[in-house]
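Please treat every number below as a calculation from the coordinates, not as lab data. In this text, all values refer to a predicted model and were calculated from it rather than measured experimentally. Heads up, the Cβs are rebuilt from the backbone with ideal geometry, glycines too, and the neighbour counts pull from every protein chain shown.
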Amino acid sequence: MKEEFWTTFGRYMSPIPSAEGFKINWVNYHTKLKDVYFRMDAGRKAAVISISIEQRDQAIQELYFEQFLELKNILHTTLEEEWVWQLHVPVEDGKIVSRIYTELAGVSVFNRDQWAELISFFKPRIIALDAFWENARYSFEGLK
């Protein structure tokens, strides 16, 4: 059912161009920056959208996180809301990641009646992340 939701979301978003005016795969958004991802996840109890910094070298991961901190006001202005910032968080597979995220509690991807609410949560945020990233990505070029 989860796969069906993401297929539905992808079809819904398909006609919407990127901030640069190009066709884009919104579900599998590529930042084109190694180990930096825009992730969307929906489970039984919540939905989360995040910027996930997954660089194995924690010093480099922290450098990327600090660069995002430099852009925090621009990010929050573009998103029109503030997100949660976490440096060096262990995740289920034992990796340490840093992330910037927001979540919608009390929704389930397994309840079709809530799909519209999930889409309404993800859509403006992934579009805003894309708009933010169109200019912000250049700030990371020297860090590679």
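Observations
- Just so you know, the averaged projected area of the alpha carbon convex hull for the chain sits at 8.6 nm².
- FRET efficiency, ARG137 to THR7 (Cβ-Cβ, R0 35 Å, nearest 0.05): 0.80
- Rounded to the nearest 10 degrees, the inclination of helix 115-136 to the longest alpha-carbon principal axis of the chain is 30 degrees.
- Aspartates and glutamates with Cα under 17 Å of LYS23, excluding same-chain neighbours fewer than 8 positions away: ASP130, GLU134
- Charge tally in the Cβ shell below 12 Å around TRP83, where Lys, Arg are +1 and Asp, Glu are -1, TRP83 excluded: -1
- A full extension of the chain between VAL91 and TYR29 corresponds to an added length of 20.3 nm, given 0.36 nm per residue minus the alpha carbon distance.
- The chain: calculated mean residue ellipticity at 222 nm from DSSP helix runs of at least 4, using -39500 (n - 2.57): -12500 deg cm²/dmol
- Placing a pseudo-label 7 Å from each Cα along the Cα-to-Cβ vector at ASP113 and GLN58 gives an inter-label distance of 4.6 nm.
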